[in-house]
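The values are calculated or read from the model by the stated rules, or taken from the named source; none is laboratory data. Because the structure is a prediction, the values reported are computed rather than measured. Cβ sites come from the backbone with ideal geometry, for glycine too, and all protein chains shown count toward neighbours. For the accessible areas, the whole protein counts, side chains as well, though only heavy atoms, and no ligand, DNA or RNA atoms are used. Shrake-Rupley method; radii C 1.70, N 1.55, O 1.52, S 1.80 Å.
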Amino acid sequence: YLHLWFWPPESMCTSGSQCAILSKVLKTPKRSNHSIRIDQLFSPDSDGNTPKTVILSGDSGRGKSFMLQKIMLDWASGELYSENFDAVFLLKCEEFKSISTEESLFYLLSLNHSLTSKQISKILQLTPEKVLILVDGMDEYVSRPRIHFMQHTNLYTKAPVMVILTNLLRRVLLPESFMLVTTRSAVDTVNLLKDPQRFTEIMGFSERGVQEYFQKFFQDEQLFRKMYERVKINESLLTACSVPLLCWMVCFCLKKHFTDDDHVMRELKTNTSIYVHFVSTLLEHHDQSQSVLTMLRSLGQLAEEGMKKQQVFFVGKSVTMKCFDAVTTLFLYKDGLKIKDSQKPAFRFMHHSFQEFFTALYYVLLDEENSWWKVSELLDWMEWGDIIDRPSPERRSNPIPSVMLFLCGLLNKKVSSSLFKKIQWTVPHTVKLKEKLQESVLRLTTHSGCELYALHCLYELQDERFVSEALKKHNFMDLSNISLTSTDCWVLLYCLQCCPHVRYLNLMYSEKLKILQPALCMCENMRLSVKHLSEVGDLIQILGKSKFLKKMR
């Protein structure tokens with residue numbers, strides 16, 4: 001169900017300097033995107049160049065980590081890369097955050113491998129060119145404070161984990177080996193790597209993939225067809241289901257409420273609404289003898305502490321001190337964290353996006369004074385950090401923007417009502433928080449590259465009057481440096497329909513722009529960046545019927 005696309009240099013250029021770096025690294029001529037199978041990741045390109053490093057990027061929940069686990073499984077069973085590699089090692093960057101001691105690369109490679117130390121040592125020394133290293137979650141690494149580069153060349157000598165990783169990525173350590181690196185943002189990763197590289201993006205489910213997933217999830221043919229057809233007519237929800245994690249959550253909610261699926265469909269509009277409905281559904285099976293409000297606050301506090309410390313794993317004692325035992329079976333799961341030679345019991349959220357969601361929920365569930373202080377701190381963190389320099393709402397390594405998006409969604413009463421009714425909670429400070437958010441969103445729209453992120457915040461709010469007020473001074477939108485996804489287009493369509501005074505648009509052409517047709521016909525002045533005029537024939541024909549369009553370039 002996963003679609004991979006080759007990224008040519010021009011698709012990632014946001015500045016002249018970065019374009020030069022990418023062109024130098026790739027050493028290949030410009031070409032168009034094309035799909036690629038998993039077994040072709042390390043195949044030579046048309047010029048005969050074999051990439052030793054492949055970057056696999058993709059938004060949260062699209063299956064990057066799952067894919068690496070599947071590669072290891074298929075390699076071990078002889079179904080994939082068995083002739084190419086004698087050993088495949090998996091390095092999980094999120095686990096390294098829990099390692100405070102100095103360690104060697106040899107130790108890190110042995111963490112998630114069944115081979116003996118003697119076997120690993122023999123392979124690394126004799127056939128390093130037959131080694132594949134899977135580095136999962138590079139965004140966990142690039143989001144940490146930079147350290148001064150220290151060259152480290154010995155596999156067995158200990159050093160800080162970040163020093164080891166840096167030298168591995170820069171090919172100082174094991175330069176002959178092959179690497180597959182996953183990250184939310186390939187732009188953040190490119191400067192760390194050397195050698196010919198292949199940039200791929202995991203696109204998630206195609207429409208056919210969504211249909212097949214629904215069929216396997218519901219199993220009953222009649223129920224499957226009923227549910228899928230209802231999702232199919234809701235195009236924005238169908239787009240959301242291209243993310244495997246969201247697709248699973250939507251199916252779960254529909255299956256639990258199949259007698260009232262029309263009501264569920266009306267509620268599932270934004271990402272926040274999917275998370276809220278999913279959490280509400282799980283809470284229906286929670287032991288009501290325990291305080292759900294207290295439980296959620298405790299869970300949110302744990303999530304926030306982990307977010308601030310950039311921590312994914314939680315030691316069992318810290319979890320039981322803050323949360324009821326029942327919580328662990330709902331939103332946390334038990335995992336093993338290998339430290340030294342022992343397996344330490346730990347907990348983690350079912351997905352890191354839930355940690356971001358519960359952090360935002362925690363801010364809303366606090367009393368007015370503490371909530372106000374927490375949100376103000378979050379907004380200050382956003383505006384004075386490096387976040388405002390990143391163009392896309394989801395393709396960023398720092399979790400704070402995602403918390404902001406969830407916070408915007410939770411301040412919509414229609415979205416949060418199903419959850420807040422269960423815990424008998426009303427938010428007395430919604431108006432003040434919205435005002436604070438509006439000020440922040442307005443400032444974000446003034447920063448080049450943050451317009452799209454601000455629009456995503458407004459979309460999560462789902463408040464037409466608020467959106468119109470926030471964008472009343474913006475009659476021009478320039479998104480020409482961003483290749484819009486289907487989700488981006490649904491967000492932009494919603495905002496444009498709330499703000500009919502936006503008359504000037506500057507966009508990069510993609511087939512996804514067909515989603516915007518109702519709003520594009522309201523523009524007076526439009527500029528499209530295209531490679532070939534033949535690509536935009538249908539769109540130009542539709543725009544030609546517009547009564548408002550006066551100028552197009």
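Numerical summary
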{"read-out": "Segment 497-510, residues that are crowded, with 21+ Cβ neighbours inside 10 Å and within 26 Å of the chain's Cα centre (by Cα)", "value": "L507"}
{"read-out": "Selection count where residues are modelled with pLDDT under 75, more than 14 Å from D488 (Cβ to Cβ) and part of a loop (DSSP other than H, G, I, E, B), scope segment 426-468", "value": "7"}
{"read-out": "Criterion violated by L513 - all others in (1) more than 28 Å from the chain's Cα centre (by Cα); (2) in a helix (DSSP H, G or I) satisfied", "value": "(1)"}
{"read-out": "Yes/no for S280 being open to solvent by less than 70 Å² (accessible area, probe 1.4 Å) and touching a Lys or Arg at 6+ places or on another chain (Cβ under 7 Å)", "value": "yes"}
{"read-out": "Contacts under 9 angstrom Cβ, first residue in segment 122-151 being farther than 19 Å from M67 by Cβ and at pLDDT below 85, partner of a type in the set (D, E, K, R) and in a loop (DSSP other than H, G, I, E, B), 6 or more apart", "value": "S143/R396; R144/K97; F149/R170"}
{"read-out": "So L73, is it out of contact with any Ser or Thr (no Cβ under 6 Å at 6 or more places or on another chain), at pLDDT 90 or above and surrounded by 17 or more Cβ atoms within 10 Å (Cβ to Cβ)", "value": "no"}
{"read-out": "Residue within segment 494-503 that is modelled with pLDDT of 80 or more and outside any helix (DSSP H, G or I) present", "value": "yes"}
{"read-out": "Any hit, segment 108-117, residues being at pLDDT 90 or above and either surrounded by fewer than 17 Cβ atoms within 10 Å (Cβ to Cβ) or more than 23 Å from V54 (Cα to Cα) (or both)", "value": "no"}
{"read-out": "Which listed residue is out of contact with any Cys (no Cβ under 9 Å at 6 or more places or on another chain), touching a residue at least 12 places away in the same chain (Cβ under 8 Å) and over 26 Å from N234 (Cα atoms), from S486, S480", "value": "S480"}
{"read-out": "Cross-chain or 6+ apart pairs with Cβ under 8 Å, segment 86-108 first and touching a residue at least 60 places away in the same chain (Cβ under 8 Å) and of a type in the set (D, E), then open to solvent by less than 30 Å² (accessible area, probe 1.4 Å) and assigned to a strand (DSSP E or B)", "value": "E94/D136; E95/L337; E103/A159"}
